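This report concerns only the one structure given below.
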Amino acid sequence: MATVTDQPAGRTSGAAETERRRMWADPRYQAFMLLRVGFTVAPIAFGLDKFWNGMVYWPKYLAPWINDLLPGNAQQFMYFVGAVEIVAGLVVLVKPRYGGYLVAAWLAGIVTNLFSYPGWYDIAVRDFGLMLGALTLARLASVYDPPLRLRR
């Protein structure tokens, strides 16, 4: 038998709706969500583009010394890079508390690559800024995204 407190499917209680509105009015939560959406969409979009080079020819950004260390060629390595970026974006979507650190670590590798040879310092500085944004997302997620709880 239904009670007065039961809600139809898809409807929230008044208290839950008030809490949702309160959170969205908070600039800190807005910043968290903006970073979460950005660090979900951008890695997935750029990761997908590594497979067809539509936005830019990605292999040109790989340092020659790294290309010499790896088996295959730069484009083949970009397929791996694209897969990692897609996974990183999905982790941010599902669990930004951990995904923010994953994206920051990945960007640290990209920055290291770009600073290791001339010609791309401007992009390295930009990616350093993105890395700081990913770290900011991870720190904000410590407030808005609860940690994983393992069942025993």
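Just so you know, all these numbers are worked out from the coordinates, no wet-lab data involved. Everything quoted here is computed from the prediction, not taken from an experiment. All Cβ positions, even for glycine, are placed from backbone atoms using ideal geometry, and neighbour counts span all protein chains on display.
A few remarks follow.
- Length-normalised contact order of the stretch 14-144 in % [C-alpha pairs under 8 Å, at least 6 apart]: 28 percent
- Residue of 88, 141, 124 that the Gaussian network model of the chain assigns the largest fluctuation, springs spanning Cα pairs under 10 Å: 124
- Contour excess over end-to-end distance, with Cα ends at residue 136 and residue 68 and 0.36 nm allotted per residue: 21.1 nm
- The distance linking the stretch 54-92 with the stretch 93-152 is 17 Å (Cα centroid to Cα centroid, whole angstrom).
- Local charge for residue 36 was computed over the other residues whose Cβ lies under 13 Å away, with Lys and Arg +1 and Asp and Glu -1, and equals +3.
- Computed over neighbours whose Cβ is under 9 Å from that of residue 96, the net charge equals +2, Lys and Arg +1, Asp and Glu -1.
- Computed from phi, the 3J(HN,Hα) profile of the stretch 72-82 under the Karplus parametrisation 6.51, -1.76, 1.60 (θ = phi - 60°) reads x, 10, 4, 5, 5, 5, 5, 4, 5, 4, x Hz, with x in place of Gly and Pro.
- Evaluated at q = 0.10, 0.16 Å⁻¹, the base-10 log of the normalised Debye intensity for the chain, with identical point scatterers placed on the Cα atoms, takes the values -0.48, -0.93.
- ³J(HN,Hα), Karplus 6.51/-1.76/1.60, whole Hz, each residue of the stretch 50-62, x for Gly, Pro: 4, 8, 9, 6, x, 7, 6, 7, 4, x, 5, 8, 7
- Given charges at Cβ of Lys, Arg, Asp, Glu: the stretch 14-144 dipole, positive-most of 82, 58, 100: 100
- Rounded to the nearest 20, the size of the Cβ-charge dipole of the stretch 14-144 about its Cα centre is 420 debye, with Lys and Arg at +1 and Asp and Glu at -1.
- In terms of the mean number of neighbouring beta-carbon atoms within 10 Å, the peptides 129-135, 65-71, 146-152 order highest first as 129-135, 65-71, 146-152.
- Across the stretch 87-99, coupling constants 3J(HN,Hα) worked out from phi with the 6.51/-1.76/1.60 Karplus curve, θ = phi - 60°, read 4, 4, x, 5, 5, 4, 4, 7, 9, x, 4, 9, x Hz, and Gly and Pro carry x.
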